[in-house]
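First comes the structure, then the notes that go with it.
Readers should treat all values here as calculations from the given coordinates under stated rules, not as data from a laboratory. Small disclaimer: the values here were computed from a predicted structure and weren't measured. Every residue, glycine as well, gets a Cβ built from its backbone with ideal geometry; the counts of neighbours run over all protein chains shown.
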Amino acid sequence: MAEFEDWEGIAAGRPLSDDHNLAYRQLSNAEYELVDLRKRRRLSPARLDELAEAQPVRSFAALSDELVALTKVVEALGGHVEVRAVFEDGTITLLREPAPPDEGPPAAS
């Protein structure tokens, strides 16, 4: 599996907001869980890289504005957004937006 820069290295290189710091910590934890999953599935890092390279390119980058807008709607409705890796035998949460401050239930219209 490709090596990733750890969040401490990223944080040391530039100032980060608390939200960014939390996101980097979550991603770092998810990377460790994915490494554990790779080991349980008895894949070498090189073999996983081969399999990953063979996957079709799917990018959410083009959807970033829409995802931001949907996140705002979800939060306005009192929810939060999560990004999860889903497998037959379980899930790994990659990112979880913090719950919005408790402002009570949304007003009925």
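Numbers for the structure displayed
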| quantity | calculated |
| --- | --- |
| Spin-label model distance (nm) - His80 vs Arg47, 7 Å beyond Cα toward Cβ | 3.7 |
| Overall form of the range 33-86 per C-alpha gyration tensor (a/c, 1.5; a/b vs b/c) | oblate |
| Rounded to whole Hz, the Karplus (6.51, -1.76, 1.60) HN-Hα couplings of the range 85-92, x for glycine and proline | 8, 10, 10, 4, 9, x, 10, 10 |
| Stretchable slack from His20 to Leu95, in nm (0.36 nm times residue separation minus alpha-carbon distance) | 25.9 nm |
